[in-house]
2 protein chains.
Amino acid sequence: MNGAQALIRTLVGCGVNTCFSNPGTSEMHFVAALDAVPEMRGVLCLFEGVATGAADGYGRMTGRPAAALLHLGPGLANGLANLHNARRAHTPLLAVVGDHATYHKRFDAPLESDIDALAGWMSAWSRRSARSADVAADAAEAAAAAMTPPGGIATLILPADVSWSEGGEPAPALPVRAVAPVPQDVIGSAAAALRSGEPCVILLGGPAMRRPGLAAASRIACAPGARLLSETFPARIERGAGVPAVDRLAYLAEFAVAQMAGARRLILAGARAPVSFFAYPGQPSSLVPAGTQVDVLAADGDDVCGALESVAGLVAPDAKPQPQEPVRPALPDGDLTGESAAAVIGALLPEGAIVSDEANTSGLWLPGATAGAPPHDWLTLTGGAIGQGLPVATGAAIACPERSVIALEADGSAMYTISALWTQAREGLDVTTVIFSNGSYAILGMELERVGAQTTGTAARDLLQLSRPDLDFAALAAGMGVPAGRARTAGEFAAQLRRALAEPGPHLIEAVVPPIG
Amino acid sequence: MNGAQALIRTLVGCGVNTCFSNPGTSEMHFVAALDAVPEMRGVLCLFEGVATGAADGYGRMTGRPAAALLHLGPGLANGLANLHNARRAHTPLLAVVGDHATYHKRFDAPLESDIDALAGWMSAWSRRSARSADVAADAAEAAAAAMTPPGGIATLILPADVSWSEGGEPAPALPVRAVAPVPQDVIGSAAAALRSGEPCVILLGGPAMRRPGLAAASRIACAPGARLLSETFPARIERGAGVPAVDRLAYLAEFAVAQMAGARRLILAGARAPVSFFAYPGQPSSLVPAGTQVDVLAADGDDVCGALESVAGLVAPDAKPQPQEPVRPALPDGDLTGESAAAVIGALLPEGAIVSDEANTSGLWLPGATAGAPPHDWLTLTGGAIGQGLPVATGAAIACPERSVIALEADGSAMYTISALWTQAREGLDVTTVIFSNGSYAILGMELERVGAQTTGTAARDLLQLSRPDLDFAALAAGMGVPAGRARTAGEFAAQLRRALAEPGPHLIEAVVPPIG
């Protein structure tokens, strides 16, 4: 068989059976091979950033890599921003980047570029397959590399002639290294810190944000002086009624400093020491209070859940996890604002929902309003590269077809990868997209003040406004086959959200809200 | 003054007075400085690929760089594909990439990445400004580097604290190196080749595609045995009635081989030796006929127009340029197809129009139908990275506000950077976008056959279709404030195109055409 078929059969054998695709000429044999290997599902995306973001969402929900099929250097370039987010999320993800035939590269044809340089930017593992006979083994290694804890991006560069030449044979899946157990002395140190009686924050992140980790952490928090917080932008949080709750560290450094205040000990459990998202003149980059002792209980790739359970057994052997009480906001009346929209979402969020959250400033009230909703998953913007929310929702819906997916999306961010809506329509995905439409890059209006920039005219402020003309998201959605409406009051929003959640297939609601502040 | 103001004042002094912008927090002082330096025009783009493509279109039309303001590594990543096209076009272009404050980088905040690695991918020059006191001199050097023949991308990485700190002073513009004169012996060799009597192709490219170069080449073509062709995807061609015409080498290698057939000598005048766009099994990569002697008259950065004039003086001293006759197709009736749409465009193309051509397969008939239209400029997809056409049209319209701009755009390619329409609406640009809507990646349907890929089911073909659901470009345009219509017959298309060209401001026409083949 040819290299492409050997590659795809190998991927299927490794559990990689979904390929978010934006192919070109150099990938045509890969595409043709999808007919020969029906176990691999090809999902067409109209832009590479949708493909990579969808693979990120898929990987977050399944723990297994999806493939993203990209066309040469520019195709990889278009996919990089969401690969950056996936890298920060430690999502297992396999980027397959088609390249010119090996013998064609030296001719420097128009699409030629240094793909390897781009791959190095965000990959945990990358390789250029040299021969059809090698590509299957390369693919098996790539799949294992993507799955290696804590999870990462494996990039396989696939020359066209390696795809089309005969001589390929599928390769078996390789074993994947397990998470590393945390040594007893490290667990003992954390327990000693907790027993010291000094105020102690346990900062959770990564796999600790799932039920087992949260349950163990919740027990630890029963120890005197112990408090839980989590990283600001986790890849995936399990939360809601019955799940132990944890507050996320705030995006705004001044609020995060307040959350950390008083801590004398900081125990990192799958999270990194907190830093300011951006630098601000005169403000520190580190958010660790001065004089606080930092202990790493579990770093990336470590068995953070096992470590938390061990620590809990030492410091709170009899404590029980503290589940979140079921509580929902009442459905509000009146104006639609970020706050009332959050209440509507909290009131209606279905059990088992997956929320892809790129609401940015409009999302300020969401964590509070949804904390006691039925159990659900929450996926956040891990790397700060906007344009993640709609693609991640798309991939999550492919991964979990029986679950309701809700994308909560800022208007400016939505425009980066808006064509994800078309893929949702084509695949019939049960995704409800809420666009918080405030007509501005509201976060930048706020940041302009926070960095101390002085504006003296209108040119600067004009660059932060999404107005003249207003964007009409209902029209944009209709243009891509997604039924849509616009809500201007809390009541309209509730009615539309209820209907969208009840009907199968994708929907979009443009929630017209004022900018904050 | 702070670094940002010194930077912008320096750029203005270097003739860089337009900045296509998609800023973030780290660029807020740059944005604020736009109020202090009103000579710099900031143009908001909703996606970085629009900003970089617009800067490409601007640079092609003015010969001067525009700036593209990008946010950190992911912002640069989103702009890379159109920077790849700009690199292939030798467009002078200045990418300003904001970065974290110098002292903040080591904290590896979520948006941290290796910006320098990305900048190296497509830049002719790149530098990271280290201090506010240096940034103006760096900017002057960047502007000069972008302008250095043949033109290229200069990337200035701008840490936030270099922007916001005091101590900047504007720097004077630097002299820009002129094009390199072509030595007399090289001119003599080309003349000797032409006098040899052997069949000779002069392959034009780069600056040779403007009137002076075309005029000189046209005189040379009067020499016995001499023929003109041009590179397949020039950055900018001047053409139409009164301008000497030249056929472009075909995209499809088999057609290009036929065009080159019989040539025993090949003289490269601003073009590179022709190569196949992609590799195909069993087909050669080089399109130079076996046994053909290749002479380089002028390479990138050489004075190709001067060289052509010198050669013309030697081999055809008395010949006159052969201008294209004015001729237009009749307005067709009946079905709307790629062919009849081209005839409509040829019949109605206004004098002085600028055409941004990313029509792909639907554009097959455009060169013939527009050859004798009133003089106009034609901008092509230089690097093969789709999503160029709408941004390039946007930038060209900013550069040449008195001229009519027409974007001829394939449906699949349009979706990459569709938000360019919003910038056109906001800036009131006189751009008429024609979407050739054939519901497929038609070029891939063709390429699937040409690379010899065997399909045995429907999965592969399904990945090449833009259907289920159909895209509604009129709705998409309306969503971004651009008046739009849909044409299904040649008559409807002519009426809508005539109206769009007559009215100021942006318009979009969805021309529903069948896929070719």
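No value in this document is a laboratory result; all are computed from the given coordinates. Predicted model, so just to flag it, every value in this text is computed and none were measured. Neighbour counts are summed over all protein chains in view; Cβ atoms, including those assigned to glycine, are modelled from backbone coordinates with ideal geometry.
Look at the stretch A:53-64: the mean tally of other chain Cβ atoms within 10 Å of its residues' Cβ atoms is 0. For a quick check of your reading of the filter: which chymotrypsin sites (Phe, Trp or Tyr not before Pro) in the stretch A:66-142 sit in a DSSP loop and have no more than 12 other Cβ atoms within 10 Å? Loop-located and lightly packed - none at all. Taking a quarter of the surface of the Cα convex hull of the stretch B:89-208 gives a mean projected area of 10.3 nm². What percent do you get for the relative contact order of chain B when only Cα pairs under 8 Å and 6+ apart count? Reported relative contact order: 14 percent.
Taking Rh as the Kirkwood radius, which is the inverse of the mean 1/r over Cα pairs, what is the Rg/Rh value for the stretch B:420-491? It would help to have the intermediate numbers written out before the result.
Values: Rg = 16.5 Å, Rh = 14.8 Å.
That ratio is 1.12, to two decimals.
Approximating the spin labels as points 7 Å out from Cα along Cα→Cβ, the residue A:106-to-residue A:318 distance works out to 7.8 nm. Near the amide H of residue A:279, within less than 5 Å, lie the amide hydrogens of B:101, all on another chain or at least 5 residues away, with H placed in the peptide plane. For the stretch A:15-32, 3J(HN,Hα) computed residue by residue from phi via the Karplus equation (6.51, -1.76, 1.60; θ = phi - 60°) reads x, 9, 10, 9, 10, 7, 10, 9, x, x, 4, 5, 9, 5, 6, 4, 4, 4 Hz, glycine and proline entered as x.
Let me check I've understood the local charge: for residue A:311, count other residues with C-beta under 15 angstrom from its C-beta, Lys and Arg +1, Asp and Glu -1. What total comes out?
Details: positive: A:195, A:219, A:227, A:265; negative: A:185, A:295, A:302, A:303, A:309, A:318.
Charge balance near residue A:311 sits at -2.
Applying the Karplus relation 6.51 cos²θ - 1.76 cosθ + 1.60 with θ = phi - 60° to the stretch A:108-121 yields 3J(HN,Hα) values of 6, 4, x, 8, 5, 6, 8, 4, 4, 5, 5, 4, x, 5 Hz, where x marks Gly and Pro. Sorting the segments A:464-476, A:444-456 by their mean number of nearby beta carbons within 10 angstrom, highest to lowest, gives A:464-476, A:444-456. Of all DSSP bridge pairs formed entirely within the stretch A:386-517, close to 5 percent run antiparallel. Show the residues, 5+ positions off or on another chain, whose built amide H is closer than 5 Å to the amide H of residue B:248. Close amide H contacts, sequence-distant or interchain: B:230.
Here the scattering of the stretch A:358-398 is modelled by Debye summation over its C-alpha atoms, one equal scatterer each and no solvent; at q = 0.21, 0.35 Å⁻¹ the log10 of I(q)/I(0) is -0.80, -1.17. Put a dot 7 Å past the Cα of residue A:364, heading toward its Cβ, do the same for residue B:247, and the two dots end up 6.6 nm apart.
Sorted from greatest to least, the principal axis extents spanned by the alpha carbons of the stretch B:270-419 come out as 48, 45, 34 Å. Between amide H atoms placed 1.01 Å from N, distances below 5 Å from residue B:296 occur with B:268, all of them 5 or more places distant or on a separate chain.
Indicate, rounded to the nearest 5 percent, the antiparallel portion of the DSSP beta bridges found entirely in the protein assembly as shown.
Working: 18 of 148 bridges.
Bridges in the protein assembly as shown are about 10 percent antiparallel.
Converting phi to 3J(HN,Hα) with the Karplus coefficients 6.51, -1.76 and 1.60 and the offset θ = phi - 60°, the stretch B:203-217 yields 9, 8, x, x, x, 5, 8, 9, 3, x, x, 5, 5, 5, 4 Hz in sequence order, with x at every glycine or proline.
Suppose we keep just the DSSP beta bridges with both residues in chain B; what percent of those would be antiparallel, to 5?
Working: 9 of 74 bridges.
Of those bridges, close to 10 percent are antiparallel.
Counts of other chain beta carbons within 10 angstrom of each beta carbon in peptide A:65-77 average 4.
Please give me the summed charge of the neighbours of residue B:27: other residues whose Cβ is under 11 Å from its Cβ, Lys and Arg +1, Asp and Glu -1.
Values: positive: none; negative: A:447, B:99.
Local net charge: -2.
Stretching residue B:283 away from residue B:39 to a fully extended chain increases their span by 82.5 nm, per 0.36 nm per residue minus the current alpha-carbon distance.
Around the Cα centre of the protein assembly as shown, unit charges on the Cβ atoms of Lys, Arg, Asp and Glu (plus for the first two, minus for the last two) sum to a dipole of about 420 debye. Need one word for the stretch B:1-72: rounded, prolate or oblate. Basis is the Cα gyration tensor (sqrt eigenvalues a ≥ b ≥ c); a/c below 1.5 gives rounded, then a/b vs b/c decides. Oblate is the answer for the stretch B:1-72, as a/c is 1.5 or above yet b/c matches or exceeds a/b.
The relative contact order of the stretch B:119-180, computed from alpha carbon pairs under 8 Å that lie at least 6 residues apart in sequence, is 42 percent.
Let a ≥ b ≥ c be the square roots of the eigenvalues of the Cα gyration tensor of chain B; is it rounded (a/c under 1.5), or, if not, prolate (a/b larger than b/c) or oblate? Here chain B falls in the oblate category.
Starting from the Kirkwood Rh over alpha-carbon pairs, what translational D in µm² s⁻¹ does the stretch A:306-386 have by Stokes-Einstein at 10 °C and 1.306 mPa s? Working shown, then result.
On the way: Rh = 14.8 Å.
The calculation lands on 107 µm²/s.
Which shape class applies to the stretch A:257-359: rounded if a/c is under 1.5, otherwise prolate when a/b exceeds b/c and oblate if not, where a ≥ b ≥ c are the square roots of the Cα gyration tensor eigenvalues? Mind dumping the intermediate values first?
Working: a/c = 2.33, a/b = 1.34, b/c = 1.73.
Judged from the Cα gyration tensor, the stretch A:257-359 comes out oblate (a/c at least 1.5, b/c at or above a/b).
Normalising by residue count, the stretch B:85-156 has a Cα convex hull of 74 Å³ per residue. Computed from the C-beta positions of residue B:117 and residue B:293, the FRET efficiency with R₀ = 60 Å rounds to 0.90.
Given B:250, B:113, B:79, which one lies farthest toward the positive end of the charge dipole of chain B, if we put +1 on the Cβ of every Lys and Arg and -1 on the Cβ of every Asp and Glu? Value: B:250.
A P(r) calculated from all alpha carbon pairs of the protein assembly as shown, with 10 Å bins opening at zero, reads 2, 11, 20, 24, 21, 13, 6, 3, 1, 0, 0 percent.
Cα-based values for the stretch A:158-228, radius of gyration first and Dmax second, are 22.4, 67 Å. Rounded to whole Å, give me the distance from the Cα center of the stretch B:262-295 to that of the stretch A:398-419. One Cα centre to the other: 47 Å.
Using a Förster distance of 30 Å, how high is the FRET efficiency between residue A:335 and residue A:501, based on the Cβ-Cβ distance and rounded to 0.05? Don't skip to the end; give the middle numbers.
Details: r = 22 Å, r/R0 = 0.74.
With R0 = 30 Å, the Cβ-Cβ based efficiency is 0.85.
Per residue, the protein assembly as shown reaches -11000 deg cm²/dmol at 222 nm when only DSSP H runs of four or more residues are counted, each adding -39500 (n - 2.57).
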